[in-house]
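J.: Take this structure, written in structure tokens, and hold onto it; I'll ask about it next.
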Amino acid sequence: MYNAWENALAEIEQKISSSNFSTWFQDTSLISTDDGHIIIGVKNSFFVKQLRSKFLDVIEESLKNTGIEVQDIDFKIETKSKSKVRPREITSTPTPIKNKLPSMNSLKSPKNQKTGLNSKYTIDNFVVGSNNDLALAAAKSIINNPGTSYNPFFLYGGSGLGKTHLVQAIGNEILKNHPDFKILYTPISDFYADFVDSVMKGKGKDFNNKFRSLDVLIIDDFQLIVNKEKSQEEFFNIFNNLHQLDKQIIVTSDRLPSEIKTVDERMANRLTWAGAFDLQLPKFEDKCAILRSKADLLGAEIEDEAIEYIAENVNTNIRDLEGELNTILLMSDVRGLTPLELINNGSVNVSHQTKLRPTTAKRIVDKVAKYYNLTTTELKSKSRVAHIKNSRQVAMFLLKSELSMSTPKIAAEVGVKDHSTVIHGIKKIEQDLKLNFILRDQIAEIKEKIYD
């Protein structure tokens, strides 16, 4: 019976995503197959609900394909599972069956070379939204054509927005498609420490060969690069060598290279040869999708109203969002109440807000005008000159996004009569933001000045 379930699981694994397989089939067992009445052991009632509603057909089909008669399928809650299912891993050799995801540095390239990749980061469990869809599209292009599409790939954004997740997911997918590739993920601080160590031990040639033999190099937290001439020069040379050989280079940072004081101009220019992609703060709908995905991955039950409450009250980053979700789920388990019951009775107080000073419509319009070297009167004029029109549309966009003003009120603030002009202007800026990285940076700088 055990072998039959293992065979069925092997088939199920091929039919569903890796995240769904490791989440819902991790601790399952086949208890009975008597007269076609299938009983499957699971760890709690929430798993029963999910397996019954989402995977019943695939379970039935897989069992039948292994030669087991299926009349009906039922589930039984067990405190301890009899079988352990391997999470889908990206390795070049078979690994022992484990009951948990592998730790950092567990994935390996050819010749047992450590990659630094963590298999828990996948494209499947990266939640896409309007805040990251462009970066994800570029990532998928890199996975399909490493070294040719978006090389180098420079990804930037604030802490806790998913940069590490996305770039490690790229590495994992490339390794899955190209098992012979040599891939290395490393924070820039580790790169520097390894370089210093190699110099001290007289092994500079080994250090150089280690990096120059790579097919994919992923550097995380580039903003922490130290102002050391020799280490920067070494990185610069490695970068140029890999790029000339069409090897994929991926770099993350919390800001653009040009804004990092310790990076010289030639390095900053090379890092953004293929453009720079940013991860922005998720919008309300994106946050709800992220929370729902994380709850499903944990196998936790949480009401839509509770999801929306967390999304409305966390406006900092995804890390804080997940932290609040985990806290509420833990309290729910300990106290025997649903997440919504905890919220309604005042047991939890979710509040992660970006600390911004209150602002006014006048201040926004004044700051936009000043940023574009205009007077407020010029911005609010009827002029159709391109740069004046553009600044006016930026002001419209910020009045809407920062103050949630109605279009008629925005029209009054920027000196236009027709609110449809405001709607058009806001949509134009929203569309341009998807591809115009200069505009993204301009709006970010204006926001800093508004709340300064």
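The values are calculated or read from the model by the stated rules, or taken from the named source; none is laboratory data. Owing to the predicted nature of the structure, the values given are computational and were not obtained by experimental measurement. Please note: Cβ atoms are built from the backbone with ideal geometry, for glycine as well, and neighbour counts cover all protein chains shown. Just so you know, the surface numbers come from the protein's heavy atoms only, side chains and all, with ligands and any DNA or RNA stripped out. Shrake-Rupley method; radii C 1.70, N 1.55, O 1.52, S 1.80 Å.
Yes or no, residue by residue, for (1) assigned to a loop (DSSP other than H, G, I, E, B); (2) touching a helix residue (DSSP H, G or I) at 6+ places or on another chain (Cβ under 6 Å):
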| residue | (1), (2) |
| --- | --- |
| THR148 | yes, no |
| SER159 | yes, no |
| HIS165 | no, no |
| GLY171 | no, no |
| LYS176 | no, no |
| THR186 | no, no |
| PHE195 | no, yes |
| PHE211 | no, yes |
| ASN227 | yes, no |
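J.: Another one. Given the criteria more than 20 Å from the chain's Cα centre (by Cα), open to solvent by less than 20 Å² (accessible area, probe 1.4 Å) and in contact (Cβ under 8 Å) with a residue 24 or more places away in the chain, does PHE191 qualify?
T.: Yes, satisfied.
J.: Tell me, which residue of segment 297-337 that is charged (D, E, K, R) and in a loop (DSSP other than H, G, I, E, B) is most open to solvent (accessible area, probe 1.4 Å)?
T.: GLU301
J.: I'm trying to understand the selection: among the residues of segment 442-452, which are surrounded by 17 or more Cβ atoms within 10 Å (Cβ to Cβ) and touching a residue at least 60 places away in the same chain (Cβ under 8 Å)?
T.: GLN442, ILE446, ILE450, listed by residue number.
J.: Could you please let me know if ASP246 is more than 20 Å from the chain's Cα centre (by Cα), over 18 Å from ILE218 (Cβ atoms) and of a type in the set (Asp, Glu)?
T.: Here the answer is no, as ASP246 does not meet what is asked.
J.: If I ask for residues that are outside any helix (DSSP H, G or I) and surrounded by 21 or more Cβ atoms within 10 Å (Cβ to Cβ), which ones from segment 268-287 would you list?
T.: The answer is ALA276, PHE277, ASP278, LEU279, PRO282.
J.: Any chance you could count how many residues in segment 251-267 are open to solvent by 10 Å² or more (accessible area, probe 1.4 Å) and outside any loop (DSSP other than H, G, I, E, B)?
T.: Final tally of qualifying residues: 4.
J.: Now a separate question. Being open to solvent by 80 Å² or more (accessible area, probe 1.4 Å), within 28 Å of the chain's Cα centre (by Cα), modelled with pLDDT under 90 and under 26 Å from ALA135 (Cβ atoms) is the requirement here; does LYS400 meet it?
T.: yes
J.: Another question, if that's okay. Take segment 427-441 and flag every residue that is assigned to a loop (DSSP other than H, G, I, E, B) and open to solvent by less than 80 Å² (accessible area, probe 1.4 Å).
T.: LEU433, ASN436
J.: Hey, can you tell me all the residues within segment 240-250 that are in a helix (DSSP H, G or I) and open to solvent by 80 Å² or more (accessible area, probe 1.4 Å)?
T.: Across segment 240-250, the qualifying residue is only GLN244.
For every residue, the table says whether it meets (1) touching a Gly at 6+ places or on another chain (Cβ under 8 Å); (2) at positive phi.
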| residue | (1), (2) |
| --- | --- |
| ARG270 | no, no |
| LYS283 | yes, no |
| LEU297 | no, no |
| ILE302 | no, no |
| VAL314 | no, no |
| ILE328 | no, no |
| GLY336 | no, yes |
| ASN344 | no, no |
